[in-house]
Amino acid sequence: MAPSELLSLASLSLLLALVVQPHEAYGSTRGSFLSNDGSAAVNGICATSVTIHGYKCQEHEVKTKDGYILSMQRIPERRFEGNSNAGIKKQPILIQHGVLVDGMTWLLNSPQQNLPMILADNGFDVWIANTRGTRFCRKHVSLDSAQAEFWNWSWDELVSFDLPAVFDFVFNQTQQKIHYIGHSLGTLIGLASFSEGHQADTLKSAAFLSPIAYLSHMNTALGMVAAKAFVGEITTWFGVAEFNPKGQKASAFLKRLCNYPGVDCYDLLTAITGKNCCLNFSTVDLFIKNEPQSTATKNMVHLAQTVRDGVIAKYNYGRPDYNRMHYGEAKPPVYNISAIPRNLPIFISYGGQDALSDVKDVLLLLDSLKFHDEDKLMVQFIKDYAHADFIMGTNAKDIVYNQVLRFFKNQK
């Protein structure tokens, strides 16, 4: 296959996963995940992507207050550590992925390049979160994933239920406050959740990579068209509760976007995420074998509302009377990012080429944090980085991850 054809194929698959976020893949030792039967012990993230490299890894299940059963992975120690440090308490770190993928996205580069293993090798107790609806999180105490009600949620529920559940679980297991790392949607739900005080007693510090909060300056034609289409077709889309990027309806929808004026679907990764500086074909090719995954259609609509409205607000039910039923007011409440405790240590890393986390929108986020304690806010700007570089970049360890390590090690 010619390089141009490979890029086109990779880009088409990436569009299915990257309407809002980008992700990565690594290594022929990793297989595809075609089953949603929850067989984590045999085919799960630990077995396929961690223990094969000589790290210990534990699979855990966490129940949210609204009944979803989430999969988590724990890498408790360094590679081949043995028993020399048995009994020593290590600082826990919780890592949260973006939309349309799961925790696998953090692990698809080599052990020397992926963030969880770098953290483990530097003495941290690493916990990888997975949100509802992803391949190993399709269980509920009373609902089946084939039922529409299973998919009746947006990122509001990730803020109110998923993130608090995994924080509480890690805290109960470790009895220590937790460092948090989010990428893309993982930053949005972290910022919103912390602003409402959900993790006040369990959060130690937070690192936001390629943060999305305000999205009104998103400078990708394809992303803007997709956002408008999701809001405009809300009635049609609510006939399909699960947004499965590999499904017939989603594929047809996404292909239609390519016909809009000004939308270039030849290099979709660049069209959606910006001009990434530091990716390679093998990473993109292996990504295709592992992603994308389902989310709730309602979640995609909510993200589109965030783009359209230019505010970080709860889900808009489209009519004042419906909003009053849910919130007691005609418009959805806004998440007040400035309510995040001013003494919370925060690290923010963003890129100059990022089409999703646009520089102007990050500056709006930083303006929301303008009263934050000066010595508690660390900001890194990487001129050449775009959205996908923060996870897929071949030099992310040297440019980003080493800064994250330094930030966490300074939090005593």
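With the range 328-412 as the region, which helices (runs of 4 or more DSSP H) entirely inside it contain at least 1 residues that are over 26 Å from F124 (Cα atoms), among the basic types (K, R) and open to solvent by 60 Å² or more (accessible area, probe 1.4 Å)? Step through it out loud before you land on a result.
Working: elements: 359-368, 389-392, 402-409.
Passing ranges, in order: 359-368.
Can you name the residue in the range 144-156 that is open to solvent by 40 Å² or more (accessible area, probe 1.4 Å) and of a type outside the set (G, A, S) and, of all such residues, is farthest from I178 (Cα to Cα)? Explain how you work it out, then say what you get.
Start the filter on the range 144-156 by keeping residues that are open to solvent by 40 Å² or more (accessible area, probe 1.4 Å), which leaves 144, 146-149, 152.
Then drop every residue that is not of a type outside the set (G, A, S), which leaves 144, 147, 149, 152.
Values: D144: 32, Q147: 35, E149: 32, N152: 29 Å.
Among those residues, the one meeting the criterion is Q147.
Name every residue in the range 325-362 that is within 19 Å of R308 (Cα to Cα), modelled with pLDDT under 95 and not small (G, A, S), in order of residue number.
Of everything in the range 325-362, those that are within 19 Å of R308 (Cα to Cα), modelled with pLDDT under 95 and not small (G, A, S) turn out to be D354, L356, D358, V359, K360, D361, V362.
May I ask you to list the residues in the range 184-234 that are assigned to a helix (DSSP H, G or I), among the aliphatic types (A, V, I, L, M) and either open to solvent by less than 20 Å² (accessible area, probe 1.4 Å) or at pLDDT 95 or above (or both)?
L185, L188, I189, L191, A192, L222, A226, A227, A229
Is there a residue being surrounded by fewer than 23 Cβ atoms within 10 Å (Cβ to Cβ), part of a loop (DSSP other than H, G, I, E, B), at pLDDT below 95 and acidic (D, E) anywhere in the range 273-288?
Checking the range 273-288: not a single residue is surrounded by fewer than 23 Cβ atoms within 10 Å (Cβ to Cβ), part of a loop (DSSP other than H, G, I, E, B), at pLDDT below 95 and acidic (D, E).
Quick one: would you say S35 is open to solvent by 10 Å² or more (accessible area, probe 1.4 Å), modelled with pLDDT under 90, in a helix (DSSP H, G or I) and of a type outside the set (F, W, Y)?
Working: open to solvent by 10 Å² or more (accessible area, probe 1.4 Å): yes; modelled with pLDDT under 90: yes; in a helix (DSSP H, G or I): no; of a type outside the set (F, W, Y): yes.
Spelling it out, it is not the case that S35 is open to solvent by 10 Å² or more (accessible area, probe 1.4 Å), modelled with pLDDT under 90, in a helix (DSSP H, G or I) and of a type outside the set (F, W, Y).
Checking V141 against (1) touching a Pro at 6+ places or on another chain (Cβ under 6 Å); (2) of a type in the set (V, I, T); (3) open to solvent by 10 Å² or more (accessible area, probe 1.4 Å): exactly one of these is not met. Which one?
(1)
What number of residues within the range 159-177 satisfy the criterion of being outside any helix (DSSP H, G or I) and not charged (D, E, K, R)? Can you show your working first?
To start, the set of residues in the range 159-177 that are outside any helix (DSSP H, G or I) comprises 175-177.
This time we only want the ones that are not charged (D, E, K, R), so: 175-176.
Looking only at that region, the number is 2.
Against the conditions (1) touching a helix residue (DSSP H, G or I) at 6+ places or on another chain (Cβ under 7 Å); (2) over 22 Å from N109 (Cα atoms); (3) of a type in the set (A, V, I, L, M), where does L364 fall short? Just the number, please.
For L364, the failing item is (1).
Only residues that are in contact with a Lys or Arg (Cβ under 9 Å, 6 or more places away or on another chain) and open to solvent by 10 Å² or more (accessible area, probe 1.4 Å): list them for the range 119-138, please. Explain how you work it out, then say what you get.
So the first thing to find is which residues in the range 119-138 are in contact with a Lys or Arg (Cβ under 9 Å, 6 or more places away or on another chain), and the list is 120-128, 132, 138.
The answer is D121, N122, G123, F124, R138.
Considering (1) more than 26 Å from N290 (Cβ to Cβ); (2) at pLDDT 90 or above, say which one H97 fails and leave the rest.
(1)
The values are calculated or read from the model by the stated rules, or taken from the named source; none is laboratory data. Because the structure is predicted, anything quoted here is derived from the model rather than measured. Every residue, glycine as well, gets a Cβ built from its backbone with ideal geometry; the counts of neighbours run over all protein chains shown. The area values use the complete protein model at the heavy-atom level, side chains included, leaving out ligands, DNA and RNA. Shrake-Rupley method; radii C 1.70, N 1.55, O 1.52, S 1.80 Å.
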